[in-house]
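Worksheet: one structure, shown below.
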Amino acid sequence: MVKVQARQVRREFQIKNHLGNRETLSVLKDFNLDIGEGEFLSLLGPSGCGKSTFLNILAGLDKYDGGEILVDQKELRQRSFDRGIVFQSYALLPWRTVIKNLEMGLEIRRIPKKERRRIARQYLDLVGLAAFENQYPHQLSGGMRQRVAIARVLAYHPDLLLMDEPFAALDAQTRETLQIELLRIWEADKKTILFVTHSIDEAILLSDRVAFMSARPGYIKEIINIDLPRPRTEDIRNSAEFARIRKNVWELLQHEVLKVQSFGGYL
């Protein structure tokens, strides 16, 4: 079953060039993508290709100028509790404890206090932070804060989870640990996930499919099926199939990066 359908999506911005004249910057053009129910799909492509733009549109944080986006066969709405988003920054409220941060979305939905606490503790336990419920964000490491951010989104049970480079600001060791942690959570819950990343290895490790985008104006140039066994562990990175997929994706990326460079970094 298809969860998200994007057809001929277009997004443009009005900008001023170096002469001060207004011109149109096309970020997405002829963007077509299907995301299946319960699928883990990553968006990958060169910098500036429109990955985060599409994610923000799907999250209801931005508009689109043409085409059609359907979620569960219905036209995309600007705001909805059926979508949750995790950003690169943790976006936790510093004056609220960990457990209170998790309860925030549930408060907005007017879930009774006792039920809020039960749900928040359930998801805090899921990310391995049950012992830290009364701590404040500044008392946690970066990796722990990102776990709280993920748990907070999961707690109000969105059907579609949107993740915009959630591990990019973390050190390599923490990033790899949280990649495996995210896989464990996804295996348990099977949310539909759209994951934006610049990392080829991360996209291959996590995903069922990788949607590779062209340089700006971005469109889906190729869909790569990741036929690696699940559940996945760090050891999968050492497999011949992982290396083969990585080589193919790297060649695609090189081609698009060279295209950008041939235009002086601007398309």
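Quick check on region 232-249: of everything there that is part of a helix (DSSP H, G or I) and polar (S, T, N, Q), which residue is surrounded by the most Cβ atoms within 10 Å (Cβ to Cβ)?
Filtering region 232-249 for residues that are part of a helix (DSSP H, G or I) and polar (S, T, N, Q), the one surrounded by the most Cβ atoms within 10 Å (Cβ to Cβ) comes out as ASN248.
Cβ-Cβ under 6 Å, sequence separation 6+ or interchain: first residue in region 1-29 and exposed (fewer than 13 other Cβ atoms within 10 Å of the Cβ), partner part of a strand (DSSP E or B) and of a type in the set (A, V, I, L, M, F, W, C). Which pairs?
PHE13/LEU25; ILE15/LEU25
From the list PRO46, PRO94, which residue is in contact (Cβ under 8 Å) with a residue 60 or more places away in the chain, outside any helix (DSSP H, G or I) and either surrounded by fewer than 13 Cβ atoms within 10 Å (Cβ to Cβ) or of a type outside the set (Phe, Trp, Tyr) (or both)?
PRO46
Report the residue count in region 135-160 for those that are surrounded by fewer than 18 Cβ atoms within 10 Å (Cβ to Cβ), closer than 21 Å to ARG118 by Cα and touching a residue at least 40 places away in the same chain (Cβ under 8 Å).
2
Residues that are part of a loop (DSSP other than H, G, I, E, B), touching a Pro at 6+ places or on another chain (Cβ under 9 Å), within 30 Å of ARG175 (Cα to Cα) and at pLDDT 95 or above: does region 69-90 have at least one?
Let us first name the residues in region 69-90 that are part of a loop (DSSP other than H, G, I, E, B), namely 72-73, 76-82, 87-90.
Remaining after also requiring touching a Pro at 6+ places or on another chain (Cβ under 9 Å): 80-82, 87-88, 90.
Remaining after also requiring within 30 Å of ARG175 (Cα to Cα): 80-82, 87-88, 90.
Keeping just the survivors that are at pLDDT 95 or above gives none.
The answer is no, given that none of the residues of region 69-90 is part of a loop (DSSP other than H, G, I, E, B), touching a Pro at 6+ places or on another chain (Cβ under 9 Å), within 30 Å of ARG175 (Cα to Cα) and at pLDDT 95 or above.
(1) of a type outside the set (D, E, K, R); (2) farther than 25 Å from LEU124 by Cβ; (3) within 17 Å of the chain's Cα centre (by Cα): which one isn't true of ALA240, the others all being true?
Just one mismatch for ALA240, condition (3).
So if I check each of LEU267, LEU252, LEU183, LEU178, which one is modelled with pLDDT under 95, more than 23 Å from ALA6 (Cβ to Cβ), touching a strand residue (DSSP E or B) at 6+ places or on another chain (Cβ under 9 Å) and crowded, with 17+ Cβ neighbours inside 10 Å?
LEU183 is the lone residue from the list that is modelled with pLDDT under 95, more than 23 Å from ALA6 (Cβ to Cβ), touching a strand residue (DSSP E or B) at 6+ places or on another chain (Cβ under 9 Å) and crowded, with 17+ Cβ neighbours inside 10 Å.
Taking MET163 and the conditions (1) part of a loop (DSSP other than H, G, I, E, B); (2) buried (at least 19 other Cβ atoms within 10 Å of the Cβ), which numbered condition does it fall short on, given that it satisfies the others?
Checking MET163 against (1) part of a loop (DSSP other than H, G, I, E, B); (2) buried (at least 19 other Cβ atoms within 10 Å of the Cβ), the one that fails is (1).
For the list (1) loosely packed, with under 15 Cβ neighbours inside 10 Å; (2) assigned to a helix (DSSP H, G or I), I need the number of the one condition that LYS63 fails.
(2)
The values are calculated or read from the model by the stated rules, or taken from the named source; none is laboratory data. Every value quoted in this text rests on a predicted model; they were computed, and no experiment measured them. No Cβ is skipped: glycine too gets one built from the backbone with ideal geometry, and neighbour counts run over all protein chains shown.
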